[in-house]
Every structure is written in structure tokens, then in C-alpha cells.
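*Asks:* One structure, as C-alpha cells, below. Some questions next.
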Amino acid sequence: MIMKDQLFKAANAAMEFSHSPYSQFPVGAAVLSEAGNIYSGCNIENASFPEGNCAETTAISHMVMAGEHRILEIAIVAAKKTMITPCGGCRQRIAEFGKPDTLVHLCDENGPKETMRLEELLPKAFGPEAL
């Protein structure tokens, strides 16, 4: 439970940096890497909406830029939704760096509300073994 709460706090803090002038839908995410580090991110929109970055993508990018490549857990929070699940593209990105048992914590403004395994969110995921 402690890690879930730490991830929520990091995701919630990241959401404060959201650049979402077009959707008015701030989102934050935080990933726990295999090395035990937490990387956070927010959604970043641009005028060519919807060609921005999701919060999950930003958090994963920070992890990769730090030289890490394995997600153990991820937390996602949105300011205007009780619980938000990753979009399809982000589910695939999480699958790229996670495993079927990677924990996905769905949060609201007060903290984690539901935890799922990635394989529940993205059954029969397309992975490198399919290439």
C-alpha cells in the first residue's frame, strides 16, 4: 500500500504541471521502475490537438531517459474523472516496458481506488514476440 500511495503522490504532483489548454483535462502518471525509482509525467498538449503526449508517455519517457526499461507499477490520476484508465496507445507503451502482471493503479483526487494487472487492461497484448 505504501508504494501505491507514493506513486499516487508523484502522479498527483505531476498533474499540476499539465499543459492541457485544449482539453482542459489535466492528467498525471508515475511509474515505479525495476530499480525502485519513481518517474512522473503529465499530459502535454499542443495546438495540433490531439498530437500531444499523454501523462503515461511522459513518465515512461523520463524512465527511459534515465536508462531504465522495466515498469513494475504505474499510477494514473486525472483532475476531472473519478478513475482514469490509460488510452489504448498508452496501454501498448506500458506493455512495452512492463509485463502482464505490472500493476496499474487507478486513482482519484484522494488516492488509489482500484488496482489492476496490465493483462486485464490489455489482454492478448501485441509484443516483440509477435514480430
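*Asks:* Go through (1) farther than 30 Å from residue 129 by Cα; (2) not in a loop (DSSP other than H, G, I, E, B) for residue 91 and report which single condition fails.
*Replies:* (1)
*Asks:* Within region 1-42, which residues are more than 21 Å from residue 70 (Cα to Cα) and either surrounded by 15 or more Cβ atoms within 10 Å (Cβ to Cβ) or β-branched (Val, Ile, Thr) (or both)? Steps first, answer last, please.
*Replies:* Our first condition is that a residue be more than 21 Å from residue 70 (Cα to Cα); within region 1-42, this holds for 12-13, 15-27.
Within region 1-42, 12, 15, 17, 18, 20, 26, 27 qualify.
*Asks:* Turning to a different aspect of this structure: Before we move on, is residue 127 loosely packed, with under 15 Cβ neighbours inside 10 Å, small (Gly, Ala, Ser) and without any contact (Cβ under 8 Å) to a residue 12 or more places away in the chain?
*Replies:* Numbers: loosely packed, with under 15 Cβ neighbours inside 10 Å: yes; small (Gly, Ala, Ser): yes; without any contact (Cβ under 8 Å) to a residue 12 or more places away in the chain: no.
Considered against the rule, which asks whether it is loosely packed, with under 15 Cβ neighbours inside 10 Å, small (Gly, Ala, Ser) and without any contact (Cβ under 8 Å) to a residue 12 or more places away in the chain, residue 127 comes out as no.
*Asks:* Residues of region 53-84 being among the acidic types (Asp, Glu) and under 8 Å from the mean Cα position of the chain (by Cα), which ones? Quick ask: steps written out before the conclusion?
*Replies:* Residues of region 53-84 that are among the acidic types (Asp, Glu), as a first pass: 56, 68, 73.
Residue satisfying the conditions is 56 alone.
*Asks:* Do you know which of the residues in region 63-87 that are charged (D, E, K, R) and at pLDDT 95 or above is farthest from residue 112 (Cα to Cα)?
*Replies:* From region 63-87, those charged (D, E, K, R) are 68, 70, 73, 80-81; that's our starting set.
This time we only want the ones that are at pLDDT 95 or above, so: 68, 70, 73.
Working: 68: 25, 70: 21, 73: 12 Å.
Only one residue tops the list, namely 68.
*Asks:* Among the residues of region 110-131 satisfying the criterion of being touching a Ser or Thr at 6+ places or on another chain (Cβ under 9 Å) and outside any strand (DSSP E or B), which is nearest to residue 7 (Cα to Cα)?
*Replies:* Keep residues of region 110-131 that are touching a Ser or Thr at 6+ places or on another chain (Cβ under 9 Å), which gives 113, 116-119, 121.
Those left that are additionally outside any strand (DSSP E or B): 118-119, 121.
Values: 118: 16, 119: 20, 121: 19 Å.
It comes out as 118.
*Asks:* Just wondering, is there one or more residues in region 66-79 that are within 29 Å of residue 131 (Cα to Cα), hydrophobic (A, V, I, L, M, F, W, C) and assigned to a loop (DSSP other than H, G, I, E, B)?
*Replies:* Yes, some residue in region 66-79 is within 29 Å of residue 131 (Cα to Cα), hydrophobic (A, V, I, L, M, F, W, C) and assigned to a loop (DSSP other than H, G, I, E, B).
*Asks:* Still on this structure, I have one more. For residues that are of a type outside the set (Gly, Ala, Ser) and in a loop (DSSP other than H, G, I, E, B), scanning just region 94-103, find the one that is surrounded by the most Cβ atoms within 10 Å (Cβ to Cβ).
*Replies:* Quick first cut of region 94-103, residues of a type outside the set (Gly, Ala, Ser) only: 94, 96-97, 99-103.
Subsequent filtering for residues that are in a loop (DSSP other than H, G, I, E, B) retains 99-102.
Numbers: 99: 15, 100: 13, 101: 10, 102: 22.
So, considering only residues that are of a type outside the set (Gly, Ala, Ser) and in a loop (DSSP other than H, G, I, E, B), the one surrounded by the most Cβ atoms within 10 Å (Cβ to Cβ) is 102.
*Asks:* Let me ask something additional. State which residue pairs qualify: first residue outside any loop (DSSP other than H, G, I, E, B) and inside region 18-42, second residue surrounded by fewer than 13 Cβ atoms within 10 Å (Cβ to Cβ) and aliphatic (A, V, I, L, M) in any location, beta carbons under 8 Å apart, and separation of 6 or more residues or different chains.
*Replies:* From region 18-42, the pairs are 33/66; 39/66.
The values are calculated or read from the model by the stated rules, or taken from the named source; none is laboratory data. All of these numbers come straight from a predicted model, not from anything done at the bench. Because the Cβ atoms are built from the backbone with ideal geometry, glycine has one as well, and the counts that use them run over all protein chains shown.
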